[in-house]
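Throughout, read-outs are computed from the coordinates displayed, never taken from laboratory work. Here the structure is a predicted model, which means the values were calculated and not measured. Reconstructed Cβ throughout: ideal geometry from the backbone, glycine too, with neighbour counts over all protein chains shown.
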Amino acid sequence: MNTPDDLPVVCSNCFSSTGLRLDAERIGRELPGKCPNCHADGYRKLPLAGVGALAHRYFVWGSLWRAKYGAAPLIQFNEHQKTSIDIKPWLEADVRLIERLLSVGFFHYGPSLWMLGEIEPLKALQRSRTRQSIVDRILKEYPSRQLAPTETFYRLRVNPKTPDEPSQYDSPPPELAGKGRLDSKGNPILYGSPDLEVCIHECRVTVEDDVFVATLSATRELALLDLSVLLKESEGITGFESLDLTVHMLFMAGRHSYSLARKIAEAARNAGFDGVVYPSYFSLLRLGRMPLETNYGISHRRVNELQEYEQSKTIPNLALFGRPIESGAVAVRCIDRLVVGRVGYEYHFGPTGA
């Protein structure tokens with residue numbers, strides 16, 4: 001039996017903006033009867049909670065702005081403020097409808113500055129004179145884990161010269177060193193992942209490519225520094241002081257962050273680790289999750305009840321030092337051609353000029 005909270009209040013036909021209408025189609029449910037708002041039939045319907053999810057998806061997530069490190073939405077809404085954003089003509093009726101249904105107002109969001117990289121350990125990591133102290137903390141505070149021979153992972157190659165040759169799936173040759181997130185000249189790295197779709201994303205595969213995948217496993221236990229975990233810190237640590245958020249944002253960032261990540265990899269190698277586990281840059285895209293979610297300016301990663309959910313938003317990649325196939329530390333179990341048969345995109349919309 002439906003409760004009042006389950007009862008539909010609008011349908012996708014109620015919205016004028018194409019983006020809101022299509023997002024409402026994805027969020028809504030097929031229910032019998034006419035829409036209680038526009039009285040149309042045959043459209044997906046949303047209860048109040050669905051309208052809230054639609055508003056968040058379009059106006060909050062849809063206005064996300066990425067900084068050099070971190071990200072924050074430009075728009076928020078709540079029941080305490082009146083609408084003060086510039087509303088485009090094609091959104092006017094939709095905003096008024098959502099305002100009426102949810103009793104909220106939309107406003108420009110002033111994020112807590114930690115969301116935009118104002119985190120002391122992250123700033124210290126970027127300064128040459130203080131960098132080593134943060135690298136030392138990372139090696140001390142992050143856990144190690146063992147990669148067992150029973151665990152398999154994947155390594156993709158695009159257009160290899162001899163695809164059935166196991167050595168083709170080792171670390172790249174010296175002339176290509178220093179192009180990845182963690183490798184540098186003289187410090188080759190074999191990159192892999194237990195998630196095959198992440199491998200495809202990481203390799204930027206196109207329809208014109210011949211793609212091959214090797215299934216790999218360690219031949220002995222390998223000791224790895226695990227940077228993919230959510231680091232549980234004391235309650236007194238704020239977002240501005242968090243080492244967890246520092247590492248999280250470092251691996252969310254683009255190529256400008258590679259030199260810093262390489263310093264951590266070099267330190268881990270010098271400390272005797274066989275490699276590093278790190279969060280895939282494509283984790284959130286692979287899972288369809290919003291980055292840096294907060295409540296009242298507090299990161300969900302800092303809330304005990306939400307940490308398991310936040311950890312689920314990270315897909316781990318492997319970076320193994322040296323040439324582990326050549327050295328015998330990693331074995332190629334099999335090699336297959338990978339045929340990309342279909343590509344689909346999951347997307348949603350947001351406002352222009354936020």
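See the values below:
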item: The range 72-161: trypsin sites (Lys or Arg not before Pro) in DSSP coil with no more than 14 other Cβ atoms inside 10 Å; result: LYS82, ARG127, ARG129, LYS161
item: Table column - 3J(HN,Hα) (Hz), the range 278-288, Karplus curve with 6.51, -1.76, 1.60, x for Gly and Pro; result: 9, x, 5, 4, 9, 3, 5, 5, 4, 9, x
item: Theoretical gain in end-to-end length, ALA267 to LYS179 [0.36 nm per residue, Cα-Cα removed]; result: 29.8 nm
item: Computed magnitude of the charge dipole of the chain (debye, nearest 20; Cβ of K, R +1, Cβ of D, E -1); result: 720
item: Net dipole in debye of the range 4-110 [+1 Lys, Arg Cβ; -1 Asp, Glu Cβ; about Cα centre; nearest 20]; result: 280
item: Long-range HN-HN contacts of PHE106 with modeled amide H, under 5 Å; result: THR83, SER84, ILE85
item: Radius, Kirkwood style, for the range 39-97 when every pair of distinct Cα atoms is counted (Å); result: 13.5
item: GluC sites (Glu not before Pro) restricted to DSSP loop in the range 278-352 with at most 11 other C-beta within 10 Å; result: GLU346
item: Cα long-axis angle, helix 243-252 against the chain (0 to 90 degrees, to the nearest 10); result: 90
item: P(r) histogram, all alpha-carbon pairs of the range 109-236 included - 10 Å bins from 0, percent; result: 10, 28, 32, 22, 8, 1
item: Using distinct alpha-carbon pairs, which all enter the 1/r mean, Kirkwood radius of the chain in Å; result: 22.9
item: Under-5 Å amide H pairs with ALA67, H placed in peptide plane, nonlocal only; result: ALA72
item: Value of relative contact order over the chain, rounded to a whole percent, pairs C-alpha under 8 Å and six or more apart; result: 20
item: Loop chymotrypsin sites (Phe, Trp or Tyr not before Pro), the range 92-178 (other Cβ atoms within 10 Å of the site Cβ: 13 or fewer; DSSP); result: none
item: Pairwise label distance in nanometres, TYR345 with ASN187, each label 7 Å out on the Cα-Cβ vector; result: 3.7
item: Dipole in debye (nearest 20) - the range 1-43, about Cα centre, beta carbon charges: Lys, Arg +1; Asp, Glu -1; result: 100
item: Label-point separation, VAL303 to ARG100 (7 Å along Cα→Cβ), nm; result: 3.1
item: Per-residue HN-Hα couplings for the range 189-202 [Karplus 6.51, -1.76, 1.60; θ = phi - 60°; Hz; x = Gly/Pro]; result: 9, 8, 9, x, 7, x, 9, 5, 5, 4, 4, 5, 4, 4
item: 3J(HN,Hα) from dihedral phi, the range 265-275, Karplus parametrisation 6.51/-1.76/1.60, rounded to Hz, x for glycine, proline; result: 4, 4, 5, 5, 4, 5, 7, x, 6, 7, x
